[in-house]
1. Quick one: count up the residues across region 357-380 that are surrounded by fewer than 20 Cβ atoms within 10 Å (Cβ to Cβ), in contact (Cβ under 8 Å) with a residue 60 or more places away in the chain and part of a helix (DSSP H, G or I).
2. Name the residue, out of Gln233, Gln195, Gln222, that is surrounded by 15 or more Cβ atoms within 10 Å (Cβ to Cβ) and within 30 Å of Ala295 (Cα to Cα).
3. Scanning for something surrounded by fewer than 21 Cβ atoms within 10 Å (Cβ to Cβ) and within 19 Å of the chain's Cα centre (by Cα), does region 88-98 turn up at least one residue?
4. For region 49-84, name all the residues that are at pLDDT 95 or above, surrounded by fewer than 20 Cβ atoms within 10 Å (Cβ to Cβ) and in a loop (DSSP other than H, G, I, E, B).
5. Look through region 111-128, keep the residues that are out of contact with any Gly (no Cβ under 9 Å at 6 or more places or on another chain) and in a loop (DSSP other than H, G, I, E, B), and return whichever of them is surrounded by the most Cβ atoms within 10 Å (Cβ to Cβ).
6. Hey, does region 199-212 have a residue that's touching a residue at least 60 places away in the same chain (Cβ under 8 Å), touching a strand residue (DSSP E or B) at 6+ places or on another chain (Cβ under 8 Å) and closer than 22 Å to Ser358 by Cβ?
7. Can you confirm whether Tyr348 is within 19 Å of Thr56 (Cβ to Cβ) and either in contact (Cβ under 8 Å) with a residue 12 or more places away in the chain or of a type in the set (A, V, I, L, M, F, W, C) (or both)?
8. Within region 78-94, is even one residue within 28 Å of Pro242 (Cα to Cα) and in contact with a Pro (Cβ under 9 Å, 6 or more places away or on another chain)?
Amino acid sequence: MRGRTLGRLLAGAMLALAACEPGATNTASGPPSPPTRGMKTPAAVGVGEGELDLITWEGYADDSWTKAFTQQSGCQVHAHYVGSTAEMSSLMTGGGGGSWDMVSAPGDISLQLIYGGEVDPINVALIPSWSDFGSTFQSPPYNTVGGVHYGVSLQWSPNILLFNTKQLAPAPTSWSVVYDQAYKGHVTVPDNPMQIADAALYLSKSQPGLGITNPFELNRTQFNAAVALLTRQRPLVHRYWPIASDAIAMFQDGEAVVGSAGPYQAIQLQSVGIPVAEAMPAEGMTAWGDSWMLAARAPHPNCAYMWAAYTATPQVQAQQARLFGETPVNSKACASMNTLEAGSCAKYHADATPSYLSAISFWQTPIAYCAGGTGCVAYDDWVSAWDVLKA
């Protein structure tokens, strides 16, 4: 499982479109249309151009499935691996600058790319396996705006409540434990600004008077309440984890007994005998989801469509899920996962029920426009607040 280092996003283009003071009233009926919304999508995939240039996380173009793609398509894959979403955003400036074809964008930057005009709409009818995606992932709000698809969902992972079963009994039923003084010095959570959304999700139930309905769309009052909660949590945190292995080490060494992590960490810890388990908090969970998005100035669009279709197939999705500790969006990938490792489908929640998925709030880029019409705090402020909080 990769680590996600979340730096300051280059969100100027998007924020210029969505300009309003955080917390102010927005009298507009909604956000502006994405600049590329009217772009005509292809009716068919043409002849491959022979090359494909990707911006992605390390290993997302692994030889395990890339070689077969090249043999089938004739498209030679060139992957530029990045270590942060900030780097992804920078490389995608100017629609990829005419150098890049696709980016495997996570939900915390995907709306930035859409409203910044950096990606084109995608004709999902040209992705045969799209119809096999779970309904949650066919048109998720992190890659689909106004019914227009700007990305093809790829993999996801819930941000689970992980706890040591010997230290916490009975099993916790709320995120309140990560804010509990009883575990001072033994809490760990990811080092990223999206923790503000996790705090907001908890507050949506514990302080309903705040009126939080979407943890990624926060007005100034709601945002300040979430930051205040995280500020009170700061002395309880042993260490924020930037990469998955850090969380594993803290639980393995007993430095952490409760926190937010992913199924990958739970599985790795259980495999070496560490007594940990997942809990389903009453407030629900957040989760990240990646999408392949087509650069607005992609030099090899036909190869890009071929790649999006290929990586959407159940066999390739299962390979990637098993290699990186992620969860495929293709509902038919379970059988392939279990062939690679018995029981892995259930371990990674690839067989998640509708009720499980309905309890999840998938990452969306915080932008200044709220669904309710009031001004929201945009992501630059999230990053600034997080930098101050964790310092």
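1. Qualifying residue count, region 357-380: 2.
2. Gln195
3. Checked against the condition, which is being surrounded by fewer than 21 Cβ atoms within 10 Å (Cβ to Cβ) and within 19 Å of the chain's Cα centre (by Cα), region 88-98 yields at least one hit.
4. Glu49, Gly50, Asp62, Gly74 - these are the residues of region 49-84 that are at pLDDT 95 or above, surrounded by fewer than 20 Cβ atoms within 10 Å (Cβ to Cβ) and in a loop (DSSP other than H, G, I, E, B).
5. Ile127
6. yes
7. no
8. Residues of region 78-94 that are within 28 Å of Pro242 (Cα to Cα), as a first pass: 78-93.
The next check asks that each one be in contact with a Pro (Cβ under 9 Å, 6 or more places away or on another chain); those that pass are 85, 88.
Yes.
The values are calculated or read from the model by the stated rules, or taken from the named source; none is laboratory data. The model shown is predicted, which means the values in this text are computed figures rather than measured ones. Every residue, glycine as well, gets a Cβ built from its backbone with ideal geometry; the counts of neighbours run over all protein chains shown.
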